[in-house]
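The structure appears right after this line, and notes come after that.
The values are calculated or read from the model by the stated rules, or taken from the named source; none is laboratory data. Computed from a predicted model, the values in this text were never measured in an experiment. For neighbour counting, all protein chains shown are included, and Cβ atoms are generated from backbone atoms with ideal geometry for every residue, glycine included. To get the accessible areas, we keep the full protein, side chains included, count just its heavy atoms, and leave off ligands, DNA and RNA. Shrake-Rupley method; radii C 1.70, N 1.55, O 1.52, S 1.80 Å.
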Amino acid sequence: MIYALIALFTSWLIVYVLEKRNLLSIWFTPLNQRAREFMTGFIILAILSAITQLFLGYLGGTYWQLNNNITADLVFNSAFYDLKSVLFEELTFRGIILYLLLRYTKRTQSSLLITAAAFGIYHWFTFGVLGNVMAMIVVFITTGYMGYVFAVSYEKTSSVVLPIAIHFGWNLINNTVFSNGPNGIQIFEAVQGHPPFDLGNYSGLLSLGWYLLIPTVVLIILHNFYTRQTRDFKLL
């Protein structure tokens, strides 16, 4: 959590020095609007993350059973880990890097793409794929594209609330509910069964396509349900 707090302080200090404005006030007010952004973003990505796990699990012949060793501490620690990692990444890549790029380059699309690329490269290290060329390509494309979505949500709202919400919604379901994170088995445990279809060599391609579909869906939602004139989302 200390790294997230350092990133938050750094973001606040940069904005205060450069613009003499309180970044926390910019990001978190008006409270009602920010609360709606957080709720809608979190719920939408949580649902999409759950659908992803169930759909890809079904195609792979995987079914899910409740972890017999589940405890409240286990779930809390995993969820807190997800929150800490999301806060650090969003405050660093969107709260600092994207903010500076948007302010000084005045090139919105280039700024979004640069931070997305940096986000993809960053995950080479967190996913431990450095040196595996094919894995690096896949990780760069999938995480970079999702990073672009996070960047767009920041640019549209001038706040980290929405990118934090959609990032946390995805990670919490993926890691803590369906146990795909670095902390091992959490709420549900995957049990391998027999796939309903023989996808052969196409299973990996299908999985990649699905992970590219999800951020595309989120971008469509952002562009269709966001009204820039009111800086609000019309889902709630």
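Which of the following residues is open to solvent by 30 Å² or more (accessible area, probe 1.4 Å), β-branched (Val, Ile, Thr) and part of a helix (DSSP H, G or I): Ile221, Ile185, Ile164? Within the list Ile221, Ile185, Ile164, the selection yields Ile221.
Of all residues in region 156-185, those satisfying the criterion of being aliphatic (A, V, I, L, M) and touching a strand residue (DSSP E or B) at 6+ places or on another chain (Cβ under 9 Å) are Leu162, Val177. Quick one: would you say Asn68 is closer than 17 Å to Asn180 by Cβ and of a type outside the set (Val, Ile, Thr)? No; evaluated as a whole, the condition is false for this residue.
Pick out the one residue from Ser153, Ser203 that is in a helix (DSSP H, G or I) and open to solvent by 50 Å² or more (accessible area, probe 1.4 Å).
Going through Ser153, Ser203 in turn, just one is in a helix (DSSP H, G or I) and open to solvent by 50 Å² or more (accessible area, probe 1.4 Å): Ser203.
Counting just the residues of region 108-157 that are touching a residue at least 60 places away in the same chain (Cβ under 8 Å) and aliphatic (A, V, I, L, M), which one comes out farthest from Asn180 (Cα to Cα)? In this case the residue turns out to be Val152.
In region 11-55, of all residues being out of contact with any Leu (no Cβ under 9 Å at 6 or more places or on another chain) and charged (D, E, K, R), the one that is surrounded by the fewest Cβ atoms within 10 Å (Cβ to Cβ) corresponds to Lys20. Only one of the numbered conditions (1) on the phi > 0 side of the Ramachandran plot; (2) in contact with a His (Cβ under 9 Å, 6 or more places away or on another chain) is not met by Thr142, and that is (1). Taking region 61-84 only, how many residues are open to solvent by 30 Å² or more (accessible area, probe 1.4 Å) and either within 19 Å of Leu212 (Cβ to Cβ) or among the small types (Gly, Ala, Ser) (or both)? Final tally of qualifying residues: 1.
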